[in-house]
Amino acid sequence: DAGITQSPRHKVTETGTPVTLRCHQTENHRYMYWYRQDPGHGLRLIHYSYGVKDTDKGEVSDGYSVSRSKTEDFLLTLESATSSQTSVYFCAIERDRSDGYTFGSGTRLTVV
Amino acid sequence: SQQGEEDPQALSIQEGENATMNCSYKTSINNLQWYRQNSGRGLVHLILIRSNEREKHSGRLRVTLDTSKKSSSLLITASRAADTASYFCATAVNTGTASKLTFGTGTRLQVTL
């Protein structure tokens, strides 16, 4: 989607390795979110940010950390990847409370 | 845990027919939103209805919200093959720091020619 990009698009990693996913926005929005999508679970919130260096946990934050050192980038780190973290990860920005979220195209992560 | 639960899980209709999807949720909300997801893609925001609204329209979409029953419905009129996708409802709760969305598990809509 215009204004928000995720990288990488696909990644295969080994159990126990750290992995960092990047979300980049070009529109200077304050609120950014990380979700994971798994069959049968819909999307679940991992972490979110409400400003530079301001982050908080979502419902499935265990095993994940985030950082936001500048407005445009929101990084999601799997500290030691496990097979249960195999998923599709989506980043989203919130342009306006009346407009909903704008999602990135996702990162498909496979932990082997 | 899911806040919103969609019904049905899957729906198959012919082009030109109407499609209705339902969503139920459990707690008080600030607004409810519907999203579409095409296979392998990110979610696209369709429509937002506030807790003090009962009905909203956008093109071929009609959304209703009944806060007393904690339920919402999405109607797509005159469906097209391009409407084939998964549809998710999401409930928004505004906290002191953000507007957090909780998603249901989705309805898979198949529109055939």
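The values are calculated or read from the model by the stated rules, or taken from the named source; none is laboratory data. Worth saying up front: this structure is predicted, and the values here are computed from it rather than measured. FYI the Cβ positions are ideal-geometry reconstructions off the backbone, even for glycines, and counts take in every protein chain you see. The area values use the complete protein model at the heavy-atom level, side chains included, leaving out ligands, DNA and RNA. Shrake-Rupley method; radii C 1.70, N 1.55, O 1.52, S 1.80 Å.
Below is a table of values for the structure above.
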{"read-out": "Area projected by the alpha carbon convex hull of the range B:1-51, averaged over all directions, nm²", "value": "4.8 nm²"}
{"read-out": "Relative packing of peptides A:70-76, A:88-94 - highest average C-beta neighbours within 10 Å first", "value": "A:88-94, A:70-76"}
{"read-out": "Estimated distance in nm for a label pair at A:SER7 and A:SER67, the labels positioned 7 Å out from Cα along Cα-to-Cβ", "value": "1.6 nm"}
{"read-out": "Largest to smallest principal axis extent of the C-alpha atoms in chain B, angstrom", "value": "47, 29, 21"}
{"read-out": "Contact surface B-A: accessible area buried, both sides summed, square angstrom, 1.4 angstrom probe", "value": "1800 Å²"}
{"read-out": "Those residues of the range B:88-107 for which accessible area with every protein chain present is at least 40 Å² below the isolated value (1.4 Å probe)", "value": "B:THR97, B:ALA98, B:SER99, B:LYS100, B:LEU101, B:PHE103"}
{"read-out": "Principal axis dimensions, largest first and in whole angstrom, of the range A:28-72 by Cα", "value": "34, 20, 11"}
{"read-out": "Square roots of five times the Cα gyration tensor eigenvalues for chain A, Å", "value": "22, 14, 13"}
{"read-out": "Dipole of the protein assembly as shown, positive end: most advanced residue of A:GLY16, A:PHE74, B:SER71 [Cβ charges, Cα centre]", "value": "A:PHE74"}
{"read-out": "Simple Cβ-charge dipole of the protein assembly as shown, Lys/Arg +1 and Asp/Glu -1, about Cα centre, in debye nearest 20", "value": "180 debye"}
{"read-out": "Over the protein assembly as shown: Kirkwood hydrodynamic radius from C-alpha pairwise inverse distances, Å", "value": "17.9 Å"}
{"read-out": "Sulfur and carbon atoms: percent of accessible area, chain A [1.4 Å]", "value": "47 percent"}
{"read-out": "Label-point separation in nm, B:ASN94 to A:ASP38, each point 7 Å along Cα→Cβ", "value": "3.2 nm"}
{"read-out": "Solvent-accessible area per residue, Å², over chain B with all protein chains present [probe radius 1.4 Å]", "value": "47 Å²"}
